[in-house]
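**Q** Before anything else, here's the structure in question.
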Amino acid sequence: MGRLGTILDRDKAAADEIRHPLLYGSGADLVDAVAGVLAASGLEVENLDETFGDTISADLLASIGQRRMLVEVKSATGNAAENLVEVAVKHLRTWPALRPNDPVEGIVLVLNHQTRLHPDDRNAEPYSRREFLESLT
């Protein structure tokens with residue numbers, strides 16, 4: 001079991017490097033982790049904060065072939081604020097002014113909420129107010 005134990009320890013450490021920022025991360029650590037998962041899934045990923053040198057757009061641009069999608073990554077230690085959705089919508093509306101020749105199909109909000117809690121103790125749905133949910137497009 002020595003060799004298998006070593007392999008298991010190595011693989012667990014590698015998984016923890018991805019898992020920990022996804023479950024508990026915020027800011028650039030969380031954005032980098034999401035970008036890594038998207039890239040490992042076969043998508044081309046551009047960090048737009050690095051490209052533009054500012055936070056004037058979404059965090060990432062994910063592409064596969066000619067299909068492009070903006071990705072906004074947010075975290076909240078407690079419940080997720082509803083205005084995080086508006087931030088994503090704003091980025092989608094302003095995208096054509098930034099890159100008129102690179103249209104996107106939409107935007108995805110990746111939300112890591114209740115980061116102070118163990119994942120099993122977090123609400124499965126970050127938003128629950130019916131009126132808000134019905135207003136989403």
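The values are calculated or read from the model by the stated rules, or taken from the named source; none is laboratory data. Because the structure is predicted, anything quoted here is derived from the model rather than measured. For neighbour counting, all protein chains shown are included, and Cβ atoms are generated from backbone atoms with ideal geometry for every residue, glycine included. All accessible areas refer to the heavy atoms of the entire protein, side chains included, with ligands and DNA or RNA removed. Shrake-Rupley method; radii C 1.70, N 1.55, O 1.52, S 1.80 Å.
**Q** With angles folded into 0 to 90 degrees, how steeply does helix 83-98 sit against the dominant principal axis of the chain? Use alpha carbons for both and round to 10.
**A** 60 degrees
**Q** Counting only Cα, what are the radius of gyration and maximum Cα-Cα distance Dmax of the chain, in Å?
**A** Expressed in Å, the Cα Rg and Dmax of the chain come to 17.2, 59.
**Q** Size of the dipole of region 5-137 about the Cα centre, Lys and Arg at +1 and Asp and Glu at -1 on the beta carbon, nothing else charged, in debye to 20? Let's see the in-between values first.
**A** Working: 13 positive and 22 negative charges, 51 e Å.
Around 240 debye, computed over region 5-137.
**Q** Now a separate question. Could you tell me the calculated FRET efficiency between LEU98 and ASP9, based on Cβ-Cβ distance and R0 = 41 angstrom, to the nearest 0.05? Show your work: numbers first, answer last.
**A** Working: r = 45 Å, r/R0 = 1.09.
Plugging the Cβ-Cβ distance into 1/(1 + (r/R0)^6) gives 0.35.
**Q** Sticking with this structure for a sec: Rounded to two decimals, what is the ratio between the C-alpha radius of gyration of region 22-95 and 2.2 N^0.38 Å? Before the final figure, lay out the partial values.
**A** Details: Rg = 12.4 Å, N = 74, 2.2 N^0.38 = 11.3 Å.
Dividing the Cα radius of gyration by 2.2 N^0.38 Å gives 1.10.
**Q** Please give the per residue accessible area of region 38-137, computed with a probe of 1.4 Å over protein heavy atoms only, in Å². Walk me through the intermediate numbers first.
**A** Numbers: 6260 Å² over 100 residues.
Using a 1.4 Å probe on heavy atoms only, each residue of region 38-137 averages 63 Å².
**Q** Report, for the chain, the % of DSSP beta bridges that are antiparallel, rounded to 5. Walk me through the numbers before you get to the answer.
**A** On the way: 9 of 16 bridges.
Among the beta bridges of the chain, antiparallel pairing accounts for roughly 55 percent.
**Q** Quick check: residue separation of ARG67 and ALA39 times 0.36 nm, minus the Cα distance between them. What number comes out in nm?
**A** Length gained, ARG67 through ALA39: 8.6 nm.
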